[in-house]
Amino acid sequence: MPRQISLLLSAIFFSVIIISGSKLFKAENGIITIERNIEGTPIKIMKPEQSNGILVFIAHGFAGSSNFMRPIAVSLTQAGFTTIRFDFLGHGENTLPYSGSITQISGATKSFINQTNSVIDYYKNIHHPSSIILLGHSMASDIIFRTALTRSDISSVIGISTYTDVITSQKPTNILILNGEWEPTLKLKAYDILTKIGIAKPKENILYGSFDDGSARKIISIKNADHIGILFSKRTQEAIGEWMNEALEIEPTIEVNQMGIWIAIIFISMFFCFFFYISSLPKKLNQHFDIPFKKFFFVNSFSLVFTPLILNFLKFDFVIFPAHNHLINHLFLYTCICFFCIPTNNLKTFFTNRSIPVFLALILIYGIFFGTALNSYVSTFIPMSGQRLSLLIILLIGTTPYMIYLQILFNAKIYNWLMVVIAKVQLLCSLVISIALNFEELFLIGYAILLFLLFSIFFGSLSNKLSKRVYSQISIGFANAVMLAWAYSTALPLYIP
């Protein structure tokens with residue numbers, strides 16, 4: 001593609017980013033946003049210009065943050081509700097880890113319930129609301145239902161992507177269950193909930209029970225929505241607004257926003273803006289390495305099996321969080337074994353051809369440009385606390401050798417793409433074995449795997465594109481290492497068994 005066309009396309013996508021950003025800011029016109037920290041819990045309060053005196057507490061799902069719930073909060077706030085979002089222990093901007101068994105109600109669940117009650121009590125005493133509504137997504141749907149059972153001041157509970165076993169015919173009060181059309185397991189669970197409370201052959205969009213005695217129950221499926229997309233769907237906002245009208249006997253004007261669409265457009269445009277800018281750069285002849293494919297496959301397969309087995313009995317204690325600590329050990333040991341397949345005669349050139357400007361540019365684009373958008377509208381990505389920053393630095397012990405190893409593979413003379421893909425797949429399989437060997441402590445590694453896949457699709461593909469234009473492989477590899485450590489330090493929950 002001619003350089004002029006690539007630059008033009010990059011400029012067009014940059015303009016789309018500016019327009020989309022202005023649409024997002026416009027959606028929050030008239031809303032006053034206040035950030036507080038109450039007993040270690042980060043809280044975001046959105047106040048409308050004219051309040052109806054009703055508080056809506058909004059809780060995020062597992063491994064998420066209050067930022068995930070922003071579009072729903074904006075919609076409700078524009079309708080006159082005061083919305084209060086908060087980060088659970090160990091999640092988002094909350095630097096306090098959560099602990100306890102994840103399989104027993106007396107463990108982590110109890111801590112989350114106590115935390116939710118503390119937030120509700122604090123703001124109830126300040127605002128003296130006419131009604132209190134609880135809304136939660138995924139894991140938080142179970143938390144808010146259990147929280148409501150401990151209180152008598154909740155007017156209604158709304159569960160999004162709901163999975164819980166505590167709903168009865170009378171408690172909690174007035175329940176709406178929303179699930180995405182593409183969440184078949186949760187849809188079946190919703191039917192099961194209504195069946196168990198005595199409703200024969202329950203159907204969607206039918207109101208069962210009565211608002212007068214608090215027994216109202218209703219389930220709704222949101223079309224074309226999955227577990228995450230349901231939070232950004234206009235139909236979700238409409239369904240919640242309609243429920244509010246019925247449950248509270250008020251007529252708020254729900255301001256349905258299209259923040260989900262604009263957010264998606266921003267991220268797609270960011271990707272292609274950088275992609276076409278890279279395409280405008282001239283190609284450079286990079287050094288290539290002779291890496292025997294059979295030796296590569298054997299060494300990586302050996303590392304796949306023996307890394308989790310060794311770490312099950314012996315590992316260094318870098319940090320107090322088992323999942324983060326295991327990632328550091330696993331990535332480091334796995335890569336040390338894999339390096340035996342790399343010839344050493346040409347590596348000197350690889351490590352000496354570095355460029356600080358290239359490294360700084362990638363950190364600026366990935367961390368600040370992409371990171372700010374992620375942090376504002378998806379999930380916490382900016383490490384605001386000293387604890388998160390220290391985690392980022394220590395995680396580099398594992399991410400740096402692995403990302404440099406991938407960059408070396410990418411510069412192989414033959415089968416470079418195939419070897420990179422195999423190396424990534426085998427690492428993930430190795431991590432899965434670690435989870436199976438110690439699920440109680442390392443279950444969060446499953447989320448780390450998902451983060452790695454998303455990282456590879458987004459940042460990895462752009463870095464590979466840049467590798468063909470810039471002869472500074474060590475700088476690109478180290479930038480990737482920083483960003484992967486960045487993602488794990490901010491997005492992976494802080495958990496201590």
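For region 27-43, a residue qualifies if it is in contact (Cβ under 8 Å) with a residue 24 or more places away in the chain and part of a strand (DSSP E or B), and the qualifying residues are Ile38, Thr41, Pro42, Ile43. For region 370-389, the set of residues classified as over 15 Å from Gly90 (Cα atoms) and in a helix (DSSP H, G or I) consists of Phe370, Gly371, Thr372, Ala373, Leu374, Asn375, Ser376, Tyr377, listed by residue number.
Taken over region 281-337, the residue count meeting the criterion of being of a type in the set (D, E, K, R), exposed (fewer than 13 other Cβ atoms within 10 Å of the Cβ) and more than 17 Å from Ile414 (Cα to Cα) is 3.
Kindly evaluate Ser434 against the criterion of being at pLDDT below 90, open to solvent by less than 60 Å² (accessible area, probe 1.4 Å) and not in a loop (DSSP other than H, G, I, E, B).
Details: at pLDDT below 90: no; open to solvent by less than 60 Å² (accessible area, probe 1.4 Å): yes; not in a loop (DSSP other than H, G, I, E, B): yes.
Taking the combined requirement at face value, the residue does not satisfy it.
Among the residues of region 307-329, how many are closer than 16 Å to Ala436 by Cα and within 22 Å of the chain's Cα centre (by Cα)? Qualifying residue count for the region: 4. Among the residues examined, Ser210 qualifies as within 18 Å of Ser131 (Cα to Cα), in a loop (DSSP other than H, G, I, E, B) and not charged (D, E, K, R). What are the pairs with Cβ atoms under 8 angstrom where one residue, in region 307-326, is over 13 Å from Phe443 (Cα atoms) and part of a loop (DSSP other than H, G, I, E, B) and the other, located anywhere, is of a type in the set (Gly, Ala, Ser) and at pLDDT 95 or above? Sequence gap at least six, or different chains. The qualifying pairs are Asn312/Ser434. Check whether at least one residue in region 170-185 is in contact with a Ser or Thr (Cβ under 8 Å, 6 or more places away or on another chain), closer than 19 Å to Gln237 by Cβ and either without any contact (Cβ under 8 Å) to a residue 12 or more places away in the chain or assigned to a helix (DSSP H, G or I) (or both), and report yes or no. No, that holds for no residue. Scanning region 456-474 for residues that are within 18 Å of Asn353 (Cα to Cα) and open to solvent by less than 10 Å² (accessible area, probe 1.4 Å) returns Ser463, Ser467, Ser472, Gln473.
Condition first: part of a helix (DSSP H, G or I), within 16 Å of the chain's Cα centre (by Cα) and of a type in the set (Ser, Thr, Tyr). Can you find one or more residues in region 394-406 that meet it? There is no residue in region 394-406 that is part of a helix (DSSP H, G or I), within 16 Å of the chain's Cα centre (by Cα) and of a type in the set (Ser, Thr, Tyr). Number of residues in region 368-394 that are surrounded by 18 or more Cβ atoms within 10 Å (Cβ to Cβ) and either touching a strand residue (DSSP E or B) at 6+ places or on another chain (Cβ under 9 Å) or modelled with pLDDT under 85 (or both) equals 5.
The single condition among (1) on the phi > 0 side of the Ramachandran plot; (2) open to solvent by less than 70 Å² (accessible area, probe 1.4 Å) that Gly260 does not satisfy is (1).
Quick check, is Phe332 part of a loop (DSSP other than H, G, I, E, B) and at pLDDT 95 or above? First the steps, then the outcome.
On the way: part of a loop (DSSP other than H, G, I, E, B): no; at pLDDT 95 or above: yes.
It is false that Phe332 is part of a loop (DSSP other than H, G, I, E, B) and at pLDDT 95 or above.
Contact map, region 234-251: residues that are under 15 Å from Glu204 (Cα atoms) paired with residues that are assigned to a helix (DSSP H, G or I), Cβ distance under 8 Å, separation 6+ or inter-chain. Pairs shown: Thr236/Ile72; Thr236/Ile230; Ile240/Ile72; Ile240/Ser75; Ile240/Leu76. Restricted to region 475-497, and to residues there that are more than 16 Å from the chain's Cα centre (by Cα) and hydrophobic (A, V, I, L, M, F, W, C), the residue that is most open to solvent (accessible area, probe 1.4 Å) is Phe478. Against the numbered list (1) open to solvent by 40 Å² or more (accessible area, probe 1.4 Å); (2) hydrophobic (A, V, I, L, M, F, W, C); (3) out of contact with any helix residue (DSSP H, G or I) (no Cβ under 7 Å at 6 or more places or on another chain), Trp243 comes up short only at (1).
Quick check on my filter: what residues within region 466-497 are small (Gly, Ala, Ser) and outside any helix (DSSP H, G or I)? Step through it out loud before you land on a result.
First, pick out the residues of region 466-497 that are small (Gly, Ala, Ser): 467, 472, 475, 477, 479, 481, 485, 487, 489, 491.
Hit for region 466-497 is Ser472, nothing else.
Read through the list (1) outside any loop (DSSP other than H, G, I, E, B); (2) open to solvent by 10 Å² or more (accessible area, probe 1.4 Å), then give the number of the only condition that Ala200 fails. That leaves (1) as the condition not met. Among the criteria (1) out of contact with any Pro (no Cβ under 7 Å at 6 or more places or on another chain); (2) within 19 Å of Gly398 (Cα to Cα); (3) among the aliphatic types (A, V, I, L, M); (4) open to solvent by less than 20 Å² (accessible area, probe 1.4 Å), the one Leu444 does not fulfil is (1).
Of all the criteria given as (1) more than 22 Å from Gly92 (Cβ to Cβ); (2) touching a strand residue (DSSP E or B) at 6+ places or on another chain (Cβ under 8 Å), the one not satisfied by Leu444 is (1).
The values are calculated or read from the model by the stated rules, or taken from the named source; none is laboratory data. Being a predicted model, the structure only gives us computed values, none of them experimental. Heads up, the Cβs are rebuilt from the backbone with ideal geometry, glycines too, and the neighbour counts pull from every protein chain shown. Surface areas here come from the heavy atoms of the whole protein model, side chains and all, with no ligands, DNA or RNA. Shrake-Rupley method; radii C 1.70, N 1.55, O 1.52, S 1.80 Å.
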